[in-house]
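*Asks:* Please find one structure pasted underneath; my questions will follow.
What follows draws every value from the coordinates through simple rules; no lab data is involved. Just so you know, these numbers come straight off a predicted model, no measurement behind them. Backbone-built Cβ (ideal geometry, glycine too); neighbour counts: all protein chains shown.
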Amino acid sequence: MTKNRESNRLIHEKSPYLLQHAHNPVDWYPWGAEAFAKAKQEDKPIFLSIGYSTCHWCHVMERESFEDEEVAGVLNDNYIAIKVDREERPDLDQLYMTFCQTLTGQGGWPLTVLMTPEQKPFFAGTYFPKESRGSLTGLVDLLSKIAELWEKERERLISSGENLTAFVLQESLEFNKGELSSEVIDATYQELESYYDPVYGGFGRAPKFPTPHQLTFLLRYYVVKGVTKALVMVEKTLQQMYKGGIFDHLGFGFSRYSTDQQWLVPHFEKMLYDNALLAIAYLEAYQVTGRDLYREVAEKIFTYVLREMTAPGGAFYSAEDADSEGVEGKFYLWSPTQINEVLGEKEGRMFCHTYNLTEKGNFAGSNILNLLHGDSYDSEKIERELKEQRAKLYEARKKRIPPFKDDKILTAWNGLMIAALAKGGRVLDNAHYLSAAEKAVSFLWQNLRREDGRLLARYRKGEAAFLAYLDDYAFLIWALLELYESTYQPAYLQKALVLNEEMLELFWDQEQKCLYLTGKDSEKILARLREVYDGAMPAGNSVAILNLLKLAALTGDYQFADKAERLFYFCGQAVEANPLGYTYFLQAYLYAQSPTSTVVIVEGKENQESSAMVSLLQKNFYHIRLVFIFLQRRKRLLRLFLF
């Protein structure tokens with residue numbers, strides 16, 4: 001990027017992603033009325049680019065095209081260019097990604113959309129190089145061709161946009177409703193088994209995503225159904241992910257996904273939501289099996305988050321980039337020579353052997369640290385004997401230029417990490433984790449709510465903005481319920497009830513009996529969509545269902561359970577048709593179909609025995625159990641829900 005280049009309108013934004021493009025020669029606009037008014041005034045189509053700050057291919061397209069004067073000239077002369085941070089505006093991202101997937105059969109970022117001034121798209125794709133090469137159309141050629149069509153055959157483009165919009169909106173607003181059958185649980189397990197990779201763990205071939213809610217579904221299936229193979233799949237996957245390069249063996253934390261089948265080569269960016277959901281998966285595996293490895297991995301995730309991703313006020317940053325110094329993964333790579341310079345030749349040779357470093361390298365002529373050694377792997381020995389060496393290498397790595405850190409605070413992703421820490425505090429009896437979770441909730445409650453209580457989605461540099469989406473509400477309610485289950489403090493349950501009431505008021509579709517992604521007070525865009533697909537993260541609807549069922553059990557108000565039943569019906573046939581896309585949703589359904597166990601503990605003047613009993617119940621994994629604690633001295637009844 002040219003440092004002294006004049007800035008564009010994005011310089012006034014708070015989004016790190018938009019600020020990365022603030023000195024492009026492209027005359028970028030943020031999404032808003034000014035851009036659309038300008039497009040209508042100048043009679044130009046809109047070039048919409050959606051991405052996020054830690055996206056490798058977003059950086060590539062910026063370097064190749066958006067920093068290029070020729071591309072900027074074509075864009076500025078013929079289009080109104082708009083940049084959107086998908087993490088600030090998931091509603092826009094979902095809407096236009098749906099168009100892209102409809103047109104091309106695939107999606108991804110950067111997302112590139114050409115549309116009319118009325119926001120109706122007529123072309124969509126993802127990454128485009130500057131110049132055409134092979135089967136890839138170059139951005140200059142594409143922009144020039146569309147500009148010519150806009151000039152000479154505009155009605156065709158407008159008609160195309162109208163037809164596409166009508167089709168996508170019809171498809172996206174229609175759901176196959178119907179009753180779910182209990183057989184869907186077994187069908188989901190069977191499909192996961194059919195895609196399971198018995199050699200490397202995980203499901204399918206490259207690229208491989210962790211998808212933690214598939215693993216937590218299998219854990220519940222094992223506990224409820226007693227099918228040992230379900231647990232085998234979970235354990236193999238968790239072990240292989242930890243051994244692979246997708247895990248950072250020096251600084252800890254997981255990257256977003258693996259580009260290969262064996263979990264060796266990650267796409268190096270680290271996302272807060274992945275680490276939160278994976279921490280939960282490892283904690284639950286520890287509860288089920290008692291294996292120390294899973295506890296250690298969860299603790300390492302928390303070490304990474306609390307050390308590297310925690311803001312001064314206690315909330316959590318969003319992500320770390322894949323690139324450093326413009327090179328993907330450079331910060332994380334090592335040669336044997338570099339190892340020996342830090343550890344000395346003898347210890348360096350041992351370390352290189354253990355972590356699979358060679359002169360040839362395993363990535364771009366260098367090495368990703370990994371433990372993919374099959375039967376030679378001994379986690380306890382490695383932890384014990386190489387702890388000091390890892391610490392030395394971590395300190396040496398800190399002297400490198402680090403990847404960019406996206407320091408915006410997202411309510412939804414913070415909700416996931418708070419839930420993970422609260423669970424970690426409970427399962428591992430760790431007061432530090434609980435304290436961190438409580439501090440983060442306090443920050444969100446104070447800084448990401450308007451004066452009228454309306455939840456907001458993003459905080460950065462003193463500014464809270466964007467009306468919160470369904471995920472923000474659902475994930476934060478989940479976090480509050482986890483905190484309540486860990487501390488017994490009624491204030492957390494009360495906050496969860498307040499947010500749940502507000503969520504139903506703002507997002508509930510009275511006609512269709514489902515929850516929208518956006519509130520009824522949000523900006524009106526082409527469509528108000530509903531998301532029920534469990535992707536990299538569980539869908540807001542899926543989490544909301546389980547929250548509703550928990551609240552029904554905790555409060556005795558079965559209106560919550562009635563709402564959950566309506567949501568099950570709304571999505572029923574869609575889930576039956578593709579159960580692998582709804583594995584968190586099906587965890588809620590499995591809960592609803594399972595009998596509840598109840599434990600009553602009466603606490604008198606001396607509470608040591610009752611505390612020990614509650615602690616034992618908390619640390620073990622139960623599919624569904626209600627614990628009633630009668631506190632004689634305080635004259636009140638608490639309900640603790642264990643899932």
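*Asks:* For segment 327-402, with only Lys/Arg (+1) and Asp/Glu (-1) charged at the beta-carbon, what is the dipole magnitude about the Cα centre, in debye rounded to 20?
*Replies:* Rounded to the nearest 20 debye, it is 340 debye.
*Asks:* Here is a further query. How much FRET efficiency would the formula 1/(1 + (r/R0)^6) give for residue 135 and residue 620, where r is the Cβ-Cβ distance and R0 is 45 Å, rounded to 0.05?
*Replies:* Computed FRET efficiency for residue 135 and residue 620: 0.25.
*Asks:* Follow-up. Local charge sum around residue 536 (other residues, Cβ-Cβ under 15 Å, Lys/Arg +1, Asp/Glu -1)? Please list the in-between numbers first.
*Replies:* Details: positive: 86, 208, 256, 270; negative: 87, 93, 269, 274, 471, 531, 534.
Net charge in that neighbourhood comes out at -3.
*Asks:* Each label point is 7 Å from the Cα along the Cα-to-Cβ direction; what then is the distance between the points at residue 335 and residue 158, in nm?
*Replies:* 6.1
*Asks:* Remind me, relative contact order of the chain in percent, using alpha carbon pairs under 8 angstrom and six or more residues apart? Please list the in-between numbers first.
*Replies:* Working: 1162 pairs, mean separation 72.1, N = 643.
RCO, the chain: 11 percent.
*Asks:* Using +1 at the C-beta of Lys and Arg and -1 at the C-beta of Asp and Glu, which of 306, 456, 257 has the Cα lying farthest in the positive direction of the dipole of the chain?
*Replies:* Projecting each Cα onto the dipole axis, the largest value belongs to 306.
*Asks:* Now a separate question. How much net charge surrounds residue 324 when only the other residues with a Cβ under 15 Å from the Cβ of residue 324 are counted, with Lys and Arg +1 and Asp and Glu -1?
*Replies:* Result for the local shell: -1.
*Asks:* Sticking with this structure for a sec: Dipole size in debye (nearest 20) for the chain around its Cα centre, Lys and Arg Cβ +1, Asp and Glu Cβ -1? Provide the component values of the computation, followed by the final result.
*Replies:* Details: 73 positive and 87 negative charges, 348 e Å.
The dipole of the chain has a size of about 1660 debye.
*Asks:* Right, here's the next one. Within the set 44/145; 14/495; 83/270; 270/408; 513/563; 83/330, which residue pairs have Cα atoms separated by over 18 Å?
*Replies:* Beyond 18 Å between Cα atoms: 14/495; 83/270; 83/330.
*Asks:* To continue, here is another question. Write down the percent of antiparallel bridges among all DSSP beta bridges whose residues are both part of the chain, to the nearest 5.
*Replies:* On the way: 40 of 56 bridges.
Of those bridges, close to 70 percent are antiparallel.
*Asks:* Relative contact order for segment 180-270 using alpha-carbon pairs under 8 Å, separation at least 6, rounded to a whole percent?
*Replies:* The normalised contact order for segment 180-270 reaches 27 percent.
*Asks:* OK, next. Give the order of 445, 31 when sorted by the count of other beta carbons within 10 angstrom, beginning with the fewest.
*Replies:* 445, 31
*Asks:* Please go through segment 466-516 and write out the GluC sites (Glu not before Pro) that DSSP classes as loop and that have at most 12 other C-beta atoms within 10 Å.
*Replies:* 511
*Asks:* Taking the Cα atoms of segment 327-402 alone, what are Rg (to one decimal) and Dmax (as a whole number) in Å?
*Replies:* Taking only Cα atoms of segment 327-402, I get Rg and Dmax of 12.2, 36 Å.
*Asks:* With 10 angstrom as the radius, rank 405, 381, 619, 423 by how many other C-beta atoms surround their C-beta, starting from the fewest.
*Replies:* Fewest to most other Cβ atoms nearby, the residues stand as 381, 619, 405, 423.
*Asks:* Right, next: Put +1 on the Cβ of each Lys and Arg and -1 on the Cβ of each Asp and Glu in the chain; which of 136, 78, 497 then has its Cα farthest toward the positive end of the dipole?
*Replies:* Going by the charge dipole, the pick is 497.
*Asks:* Residue by residue, what Karplus-based ³J(HN,Hα) values in Hz, rounded to whole numbers, does segment 500-506 have, using 6.51, -1.76 and 1.60 with θ = phi - 60° and x for Gly and Pro?
*Replies:* 5, 4, 5, 4, 5, 5, 8
*Asks:* With label points built 7 Å along Cα→Cβ from the Cα atoms of residue 118 and residue 194, find their separation and express it in nm.
*Replies:* 4.4
*Asks:* Take every DSSP beta bridge with both residues inside segment 9-173 and express the antiparallel ones as a percent of the total, to the nearest 5.
*Replies:* 55
*Asks:* Rounded, prolate or oblate: which one fits the chain, using the alpha carbon gyration tensor with axes a ≥ b ≥ c (rounded when a/c is under 1.5, else prolate when a/b beats b/c, else oblate)?
*Replies:* oblate
*Asks:* Now for a different question. Treating the beta-carbon of each Lys and Arg as +1 and of each Asp and Glu as -1, no other charges, what is the dipole magnitude of segment 18-115 about its Cα centre, to the nearest 20 debye? Please report the intermediate quantities before stating the final value.
*Replies:* Numbers: 7 positive and 16 negative charges, 64 e Å.
The calculation lands at about 300 debye.
*Asks:* Quick one: what are the phi-derived ³J(HN,Hα) couplings along segment 309-320, Karplus 6.51/-1.76/1.60 with θ = phi - 60°, whole Hz, x for glycine and proline?
*Replies:* 10, 10, 6, x, x, x, 7, 10, 5, 8, 6, 10
*Asks:* If the rule is a partner Cβ under 4.7 Å, which cysteines in the chain fail it?
*Replies:* Lacking a cysteine Cβ partner under 4.7 Å: 100, 352, 514, 571.
*Asks:* Here's something else I'd like to know. In what sequence, highest mean first, do 527-537, 385-395 appear when ranked by Cβ atoms within 10 angstrom?
*Replies:* Highest mean packing first, the order is 527-537, 385-395.
*Asks:* Right, here's the next one. Could you tell me which residue out of 101, 210, 526 lies farthest along the dipole of the chain toward its positive end? Charges go on the beta carbon: Lys and Arg +1, Asp and Glu -1, centred on the Cα centre.
*Replies:* Sorting the options by dipole projection puts first 210.
*Asks:* Per DSSP H run of at least 4 residues, take -39500 (n - 2.57); add these up for the chain, divide by its residues and hand me the 222 nm value, nearest 500 deg cm²/dmol.
*Replies:* When only DSSP H runs of four or more count, the value is -16000 deg cm²/dmol.
*Asks:* Using only Cα atoms, locate the centre of segment 380-431 and the centre of segment 62-139, then give the distance between them in Å, rounded to an integer.
*Replies:* 35
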